[in-house]
Amino acid sequence: MNAKEIRQLFPILNEEVNGNPLVYLDSAASSQKPVQVIEAIDDYYRHYNSNVHRGVHTLGTKATDAYEGAREKVRQFINAHSTEEIIYTRGTTTAINLVASSYAKANVSEGDEIVLTPMEHHSNIIPWQQVAKENGATLKYIPLQEDGSITLDDAREAITDKTKIVAISHVSNVLGTINPIKEITEMAHQHGAVVVVDGAQSAPHMKVDMQQLGCDFFAFSGHKMCAPTGIGILYGKKEHLEKMEPIEFGGEMIDFVGLYESTWKELPWKFEGGTPIIAGAIGLGAAIDFLEEIGLDAIEQHEHELSEYALERFEQMEDMMIYGPKKRAGLMTFNLKDVHPHDLATVVDQEGIAIRAGHHCAQPLMKWLDVSATARASFYLYNTKEDIDSLANALLKTKEYFGDVF
Ligand code: 7TS
């Protein structure tokens with residue numbers, strides 16, 4: 001299937017925005033949903049809506065099978081050893097917070113170090129700041145090269161026997177930098193540290209293989225990969241998850257409850273207190289079927305071509321500042337001289353083009369780039385070169401407009 005055929009499966013792409021056909025270039029914030037996912041959720045609510053893991057009635061059994069079936073799809077999708085290693089969460093943020101609140105608080109002590117990079121999303125910085133404050137640890141950053149990448153030499157320098165945790169994004173949501181997770185994991189393991197990977201911008205766009213990467217934890221969000229909002233995944237190695245305490249307590253996650261003492265269910269359910277995100281998990285399962293039918297390698301290749309094309313077109317534009325390394329994932333972050341990115345995004349929105357402007361939840365990175373904000377166009381399997389042309393043409397108009405104003 002090519003992108004034009006794929007587009008037919010996304011009803012929202014037929015919408016008009018401000019009198020123009022929608023050009024959606026903000027998938028790094030949240031992706032659109034294909035009919036397969038919308039129908040899977042609709043089907044659950046219409047035909048077998050029920051709680052899971054309770055009683056024996058037919059609907060409940062069907063809902064439980066679909067909910068747990070989706071967990072097996074996730075396991076295969078990321079090549080984890082077992083479904084015991086797949087925890088449903090609300091998204092990447094909740095997944096990282098679970099590791100910080102449970103694993104880190106129990107394993108990080110005074111004088112220990114947590115190693116990060118300055119390109120992290122706030123959700124992979126703030127939980128570690130909290131751990132550092134509460135447990136007396138220090139945060140240490142692997143420095144960025146001029147193009148926004150990191151080197152293994154710098155990583156080797158930062159990761160020492162004092163390091164307890166390395167928390168790093170697989171792909172930066174601003175720069176598109178693809179970090180060498182496998183190598184960093186090997187390095188961290190030599191020092192007895194664990195590696196927490198923020199996979200929010202990688203899992204939707206490329207094949208991620210837990211056994212190949214070797215990392216200890218890996219977090220990602222359903223809504224960035226064609227699934228609904230409110231569902232995400234924490235992958236964790238069983239050896240860690242088994243020793244970790246839950247952070248939410250109540251129904252669903254217990255084995256035995258007494259007046260003064262209780263025990264927990266086995267993995268993965270001990271981390272899933274309360275009625276879970278059933279429709280979300282079913283939607284995520286349908287999204288994985290959909291992405292796998294198209295093929296993650298094909299999706300990665302397609303986005304690579306779009307990214308190259310966008311760079312080619314944008315680099316020719318005067319007064320255009322493009323951030324990030326040459327080898328990057330499917331997004332492009334930029335600024336047009338003398339035009340605030342919010343103004344720019346507002347003007348192109350008039351033409352039906354959706355791009356993101358702001359700090360992208362990466363304020364330390366904005367500081368490093370020495371800007372307060374940027375614009376960002378991000379691509380997915382349904383985008384085409386025509387979408388990039390539309391944006392490029394709208395930017396030229398914006399430039400003319402603001403050129404007249406200044
Ligand atoms: N990590 C990265 C690298 C992200 O890009 C995002 C969301 C998150 C974590 C948080 O994910 P959540 O699903 O828990 O919210 N990134 C963006 C973005 O780039 N624009 O809007 C949200």
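The values are calculated or read from the model by the stated rules, or taken from the named source; none is laboratory data. All of these numbers come straight from a predicted model, not from anything done at the bench. All Cβ positions, glycine included, derive from the backbone under ideal geometry; neighbour counts span all protein chains shown.
If a residue must be of a type in the set (Val, Ile, Thr), away from the ligand (no atom under 16 Å from the Cβ) and either under 18 Å from residue 245 (Cβ atoms) or in a helix (DSSP H, G or I) (or both), how many such residues does region 79-94 contain?
Selection size over region 79-94: 1.
Test residue 29 against the stated conditions and say whether it is within 16 Å of the ligand (Cβ to nearest atom) and within 18 Å of residue 270 (Cβ to Cβ).
Criteria not met by residue 29.
Among residues belonging to region 327-339 that are at pLDDT 95 or above and part of a loop (DSSP other than H, G, I, E, B), point out the one that is surrounded by the fewest Cβ atoms within 10 Å (Cβ to Cβ).
Residue satisfying both the conditions and the ranking: 329.
Return the pair list, or none, for Cβ contacts closer than 7 Å from residues in region 378-406 that are assigned to a loop (DSSP other than H, G, I, E, B) to residues that are of a type in the set (Gly, Ala, Ser) and modelled with pLDDT under 95, at least 6 apart or on different chains.
Short answer, once both residue conditions are applied: 381/3; 382/3; 383/3; 384/3.
Is region 191-201 home to any residue that is free of Cβ contacts under 8 Å to residues at least 40 places away in the same chain, crowded, with 22+ Cβ neighbours inside 10 Å, outside any strand (DSSP E or B) and not charged (D, E, K, R)? Reasoning before the result, please.
At the first step, the residues of region 191-201 found to be free of Cβ contacts under 8 Å to residues at least 40 places away in the same chain are 191-192, 195, 197.
The next check asks that each one be crowded, with 22+ Cβ neighbours inside 10 Å; those that pass are 195, 197.
When the remaining residues are screened for being outside any strand (DSSP E or B), the result is none.
Checked against the condition, which is being free of Cβ contacts under 8 Å to residues at least 40 places away in the same chain, crowded, with 22+ Cβ neighbours inside 10 Å, outside any strand (DSSP E or B) and not charged (D, E, K, R), region 191-201 yields no hits at all.
Only one of 100, 95, 106 is out of contact with any Lys or Arg (no Cβ under 6 Å at 6 or more places or on another chain), under 17 Å from residue 216 (Cα atoms) and surrounded by fewer than 18 Cβ atoms within 10 Å (Cβ to Cβ); which?
Only one candidate qualifies: 106.
Condition check ((1) closer than 20 Å to residue 241 by Cα; (2) within 14 Å of the ligand (Cβ to nearest atom); (3) surrounded by fewer than 21 Cβ atoms within 10 Å (Cβ to Cβ)) across all residues:
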| residue | (1), (2), (3) |
| --- | --- |
| 124 | yes, yes, no |
| 155 | no, no, no |
| 160 | no, no, yes |
| 167 | yes, yes, no |
| 178 | no, yes, yes |
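When you look at residue 109, is it within 25 Å of the chain's Cα centre (by Cα), outside any helix (DSSP H, G or I) and among the polar types (S, T, N, Q), yes or no?
no
Within region 340-361, track down each residue that is in contact (Cβ under 8 Å) with a residue 60 or more places away in the chain, out of contact with any Asp or Glu (no Cβ under 9 Å at 6 or more places or on another chain) and not in a loop (DSSP other than H, G, I, E, B).
Within region 340-361, just 349 meets the criteria.
Please specify each residue of region 202-226 satisfying the condition of being in contact (Cβ under 8 Å) with a residue 60 or more places away in the chain and either away from the ligand (no atom under 11 Å from the Cβ) or surrounded by fewer than 17 Cβ atoms within 10 Å (Cβ to Cβ) (or both). Before you say what the answer is, go through the steps one by one.
Step one: list which residues in region 202-226 are in contact (Cβ under 8 Å) with a residue 60 or more places away in the chain, which gives 202-212, 217-226.
Residues satisfying the conditions are 205, 206, 207, 208, 209, 210, 211, 212, 217, 218, 226.
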